[in-house]
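To keep things clear, I will list the structure first and then write my remarks on it.
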Amino acid sequence: MHDHSGAFTAATGRQLEAAGPDKPRYRRYQYELIAPHCGSSVLEVGAGLGEFAEQFDDLDRLVLTDVDPDAVAVMARRFAGRPGVEVRQLELGKAPELAEPVNSVVAINVLEHIDDDAGALRSLATAVEVGGCIVLWVPGYQQLYGEFDRKVGHVRRYTPSTLADAVRRAGLDVELVKPVNLLGGIAWWLTVRRSGVSSPNPKMVALFDRCVVPMTRALERRVRVPFGQSVLCVARKRAEA
């Protein structure tokens, strides 16, 4: 395996050694949308520092991977006291080698880094039991692609239709695909596209988390939004003929 030290910072813009609590309200918002689609055993790829995965507290099995060995070390310490949690290094696009398949794979802000997205999905599907699913959360809409996207290595941003196309090319069924985080999309357009911001501003991130995320959660519980900063997809592994 290649040395991928620094991959976490390159992909997120966050310094590993200075990474404190990151957007707790936004993480909870993601969890509320993703967790209902997950079974009792979950593999998260590109799990970073484990901030999202830490919210899973009732699983039989949780496997966490990242390409960055330093991020993996952080997760190993974070979950050292948690039974049923396994932490390991895994390169993007490689098929996970598991003793037993999982009910669900979660990939948050991972697929956009991979040229062959359908191939990566096929690889991930090998870790999922028949009838299980892959839950994807990816950056939305090419109109929002800016300097920050280039800096962190985003190959593309997705629409619901382009993400669904990648899922189908991988031989999976699309169970759900929709834009999420409308207000975040507007904020992203103003800061990244209009202002050309190329790295996260911690004060602005904290303000967004404290003020905008609660409004986003309230809005999207009532309305299906037509556009958003991200796209959520649930891809189902069909039964073999």
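All of the numbers you see were taken from the coordinates with simple rules; none came from a lab. This one's a predicted model, so the numbers in the text were calculated from it and none came from an experiment. Using ideal geometry, Cβ is built from the backbone for each residue, glycine included, and neighbour counts are taken over all protein chains shown.
Among K23, K237, rank each residue by its count of other Cβ atoms within 10 Å, from fewest to most, as a rough exposure measure.
By the 10 Å Cβ count, ascending: K23, K237.
An ellipsoid equivalent to the chain, defined through the eigenvalues of its Cα gyration tensor, has semi-axes of 26, 21, 18 Å when rounded to whole angstrom and sorted largest first.
Backbone geometry of region 127-141 corresponds, through the Karplus equation with coefficients 6.51, -1.76 and 1.60 at θ = phi - 60°, to 3J(HN,Hα) couplings of 8, 10, 5, 4, x, x, 9, 10, 9, 10, 10, 10, x, x, 6 Hz, x marking Gly and Pro.
Multiplying the sequence separation of N201 and Y31 by 0.36 nm and subtracting their Cα-Cα distance, what value in nm do you get?
Values: separation 170, 0.36 × 170 = 61.20 nm, distance 2.34 nm.
Stretched out fully, the N201 to Y31 stretch lengthens by 58.9 nm.
Considering only L98, G48, V231, the residue lying farthest towards the positive end of the dipole of region 7-236 is V231, judged by Cα position with unit charges set on Cβ.
What number comes out for the charge environment of R61, summing +1 per Lys or Arg and -1 per Asp or Glu over other residues with Cβ under 9 Å away?
Working: positive: none; negative: D60, E86, E100.
My count for the surroundings of R61 gives -3.
Going by C-beta contacts inside 10 Å, put D57, D116 in order with the fewest on the left.
Fewest to most other Cβ atoms nearby, the residues stand as D57, D116.
Net charge dipole, region 7-236: roughly 1020 debye, given to the nearest 20, about the Cα centre with Cβ charges of +1 for Lys and Arg and -1 for Asp and Glu.
On full extension of the chain, what length is gained from A239 through D165, given 0.36 nm per residue of separation minus the C-alpha to C-alpha distance?
24.7 nm is the gain from fully extending A239 to D165.
Distances between placed amide hydrogens fall under 5 Å for V63 paired with V42, L43, E44, E86, all partners being 5 or more residues away or on another chain. By the count of neighbouring beta-carbon atoms within 10 Å, fewest first, Y145, Y29, Y158 end up ordered Y145, Y29, Y158.
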